[in-house]
1. Please work out whether the stretch 3-104 counts as rounded, prolate or oblate from its C-alpha gyration tensor, where a ≥ b ≥ c are the square roots of the eigenvalues and a/c under 1.5 means rounded, while otherwise a/b larger than b/c means prolate and anything else oblate?
2. Would you mind putting 4-12, 243-251 in packing order, based on average other-beta-carbon counts within 10 Å, highest first?
3. Give the angle, between 0 and 90 degrees and rounded to the nearest 10, that separates the Cα long axis of helix 126-141 from the longest principal axis of the Cα atoms of the chain.
4. When the label point is put 7 Å from the Cα of residue 228 along its Cα-to-beta-carbon vector, which residues of the stretch 259-278 have a backbone N closer than 14 Å?
5. By how many nm would the segment from residue 248 to residue 22 lengthen if fully extended, with 0.36 nm per residue of separation less the alpha-carbon distance?
6. Would you please give the residues with an amide H less than 5 Å from that of residue 265, counting only those at least 5 places away or on a separate chain, with H modeled from the backbone geometry?
7. Can you give the accessible area per residue of the stretch 315-440, in Å², using a 1.4 Å probe?
8. If I fit a long axis through the Cα atoms of helix 287-299 and take the longest principal axis of the Cα atoms of the chain, what angle between them do I get, 0 to 90°, rounded to 10?
Amino acid sequence: MKPEEQQLAALRSELNYDKTNKCVQCGYCLPACPTYLTMGVETHSPRGRINLVKMAGEGKIKDLSVLEEPLDLCLGCRACETVCPTGVEYGAILESARAAITRRKTFTVPQKAMRNLLFKKVFPSRKAMNLIGNAMWVYEKSGVQKLARKSGLMKKLPAHLGEFEKIPPPAVAPAQRASLPAFTPAKGERKYTVAMFVGCVMDAMFRRINQLSVQLLAEVGCDVIVVENQTCCGALHAHTGELDESKNLAKKNILAFARNDVDFIVNNAGGCGAMMVEYDHLLADEPEWAERAEQFVKKTKDISQVLVLCGGIQGEKRSAERVTYQRSCHMTNVQKVTEEPVSLLKNLSNVDLIEMNNANMCCGSAGIYNIVNYDASMEILDHKMKDVKETETTTIVTTNPGCLLQMKLGIEREKMGDRVRAVHLIEYLAERSGMINAADQSLS
Ligand code: SF4
Ligand code: SF4
């Protein structure tokens, strides 16, 4: 083989080029794609993006940076996969292409340092994420937050960060942060032993949801273990082209969770769960990890699945409420968990679940997509909020931290905070079962 043919063969394997051949250009995926629907251009559709990768694999596009904008503007929601008649693995194509672009990209020294810090030191470290959680508490309680908001400083922050500053949940005090026990026994008869995956952002910003998750699991009959040495799932890395680092994190989690013999590895974040159920695909080219990854995937469950397996949550008699459910794309399209959250909500007494139109359409959150592609994300969010408004509900229930924050942002943008709130499914179940007070749930 000539050197240029060898180079092209290596690029094809790096790009997952073979997977692009499954695309027959039918276009069935176009109406399912939020970025095609809002932007209306072929390069921002699944078919268009697949074609760009294909052309790069065939040497028709020499400079991979041409692919950067169309792929950056993809939400990675994977709705296209669910309607594709030939089973194109779009997610795998997207992640490989993003990694190939990132490998060839020249970052400035500060950019490189920032990426290294975030991807290698901060997200994978529970200690660092704890520090961030504690810093948020100090910021909130010391009066700095009040001062910054009053002074108008927030409005001057770049990249609309001032808008995002308003939406995180109240920070958990450092003393309470330490209270996620290594072992929580089942209440009554034990049905399962589960290991709780605590995540990175979930652990720093949504510790309360993690605590409630452990309590609810124990309540329905699970012994709950919080495994030491677990780390970030690697989703943020994979979505930003740091595929090698996400493989490292997957291996660390596989090893950490293999130390305990459990029935299930439970997560409460749609995005993390979607990453974890694909560890076998992620490590498919490393035979020594294949079996261990497969075992890990078999045990991985969203918390709603385990709660349903254990018989669900018995809600108390509480005031009537109309709620709608914002489906996490990753939970729906990748984990294929669709019915369990709905059945948990429907089981609650006095809760009227109203499904919104276009329920499977992405809300535009997609990790940090809403920060780096603000305008595109807000256009998608505005469509979502129109569907939410039509339900005339007072609570939006979600199953993913990104969706939760995006829904809170949507409520802010629509100035509906006096009558609508957004909560995680776990908070809602805890509230309706009397585990926590509704008053604890701050309105968005
Ligand atoms: S639906 Fe599948 S085969 Fe058809 S254009 Fe889209 S990705 Fe290609
Ligand atoms: S992942 Fe979502 S945004 Fe990206 S091409 Fe598929 S449907 Fe469109």
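The values are calculated or read from the model by the stated rules, or taken from the named source; none is laboratory data. Since we're looking at a predicted model, the values are computed, not measured. In this analysis, Cβ positions are derived from the backbone assuming ideal geometry, glycine residues included, and neighbour counts consider all displayed protein chains. Just the protein is used for accessible areas: all its heavy atoms, side chains included, with ligands, DNA and RNA removed. Shrake-Rupley method; radii C 1.70, N 1.55, O 1.52, S 1.80 Å.
1. Prolate.
2. Highest to lowest by the protection proxy: 243-251, 4-12.
3. The answer is roughly 60 degrees.
4. So the set is 259-260.
5. 78.4 nm
6. 195, 300, 301
7. Ligands and nucleic acids excluded, the figure is 38 Å² per residue.
8. Around 30 degrees separate the two axes.
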